[in-house]
């Protein structure tokens, strides 16, 4: 293939694909992970009516699972805090207007800047770390975490594995995706991560050339992907 492999769902990577097309960078899609309801998802709808100061939403995927529970609960009023613009847009599409959006798309930025401590509901991935909750609690929030969804590797077809192995550049957006790539193939092409946490996971998995955007956002990520592709000598 000798192009870029995008590893999220085509829906999530629509804007990234558009930017790469504008840069003249060829790409193919091989989604590496899929999401399913987590162990606490059945409790989420009932929890939404308990009078939270904030519901903290830290990813577009968390926004989608929250929206499903919110519909089941009859759309009770919620005061929602979003981690980054992508999460805020996912909430808006579901009819949930964020009352606060973190200035940077990092968990620590949300935990350190969210105003008005009080009871807080955090529906998240079963694979999420504990740092955000610890920082919020240290600031006076009373945090209830619900593992609303889980992330698992997709079963890849042989032709999808072949695309991974022929990739000039890999574009990865989560430690879960890094783990799924490492499980599927021994290939370790140059990798453009969406952020620092994913980059650290990639280095730990044996990727030698790893870059990520210094400022969060899809455009910065697309530019780093283009830069890696140029390094391979594919663009003039």
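Residues are listed down the side, and each one gets a yes or a no for (1) in contact with a strand residue (DSSP E or B) (Cβ under 9 Å, 6 or more places away or on another chain); (2) surrounded by 20 or more Cβ atoms within 10 Å (Cβ to Cβ); (3) in contact (Cβ under 8 Å) with a residue 60 or more places away in the chain:
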site: 24; (1), (2), (3): no, no, yes
site: 60; (1), (2), (3): no, yes, no
site: 88; (1), (2), (3): yes, yes, no
site: 116; (1), (2), (3): yes, no, yes
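Screening 24, 38, 46 for residues that are at pLDDT 95 or above and on the phi > 0 side of the Ramachandran plot leaves exactly one candidate, 24. Is there a residue in segment 148-158 that is part of a helix (DSSP H, G or I), more than 21 Å from the chain's Cα centre (by Cα) and either within 30 Å of residue 48 (Cα to Cα) or modelled with pLDDT under 95 (or both)? There is no residue in segment 148-158 that is part of a helix (DSSP H, G or I), more than 21 Å from the chain's Cα centre (by Cα) and either within 30 Å of residue 48 (Cα to Cα) or modelled with pLDDT under 95 (or both). Checking each residue in segment 167-181 for being touching a helix residue (DSSP H, G or I) at 6+ places or on another chain (Cβ under 9 Å), in a helix (DSSP H, G or I) and at pLDDT 95 or above picks out 177, 178, 179, 181. Checked against the criterion of being surrounded by fewer than 17 Cβ atoms within 10 Å (Cβ to Cβ), free of Cβ contacts under 8 Å to residues at least 24 places away in the same chain and either farther than 22 Å from residue 153 by Cα or over 16 Å from the mean Cα position of the chain (by Cα) (or both), the candidates 203, 219, 183 yield just one match: 203.
Please verify whether segment 30-52 includes one or more residues that are without any contact (Cβ under 8 Å) to a residue 24 or more places away in the chain, farther than 16 Å from residue 95 by Cα, surrounded by fewer than 21 Cβ atoms within 10 Å (Cβ to Cβ) and assigned by TED's automatic domain parsing to the domain that holds residue 124. Taking every residue of segment 30-52 in turn, at least one turns out to be without any contact (Cβ under 8 Å) to a residue 24 or more places away in the chain, farther than 16 Å from residue 95 by Cα, surrounded by fewer than 21 Cβ atoms within 10 Å (Cβ to Cβ) and assigned by TED's automatic domain parsing to the domain that holds residue 124.
Has segment 167-175 got at least one residue that is crowded, with 19+ Cβ neighbours inside 10 Å, more than 21 Å from residue 214 (Cα to Cα) and in contact (Cβ under 8 Å) with a residue 40 or more places away in the chain? The answer is yes; a qualifying residue exists. For segment 28-38, a residue qualifies if it is more than 14 Å from residue 122 (Cα to Cα) and in contact with a strand residue (DSSP E or B) (Cβ under 8 Å, 6 or more places away or on another chain), and the qualifying residues are 28, 29, 30, 32, 33, 34, 35, 36, 37.
The values are calculated or read from the model by the stated rules, or taken from the named source; none is laboratory data. No experiment lies behind these values; they were computed from the predicted model shown. Virtual Cβ from ideal backbone geometry, glycine too; neighbours counted across all protein chains shown.
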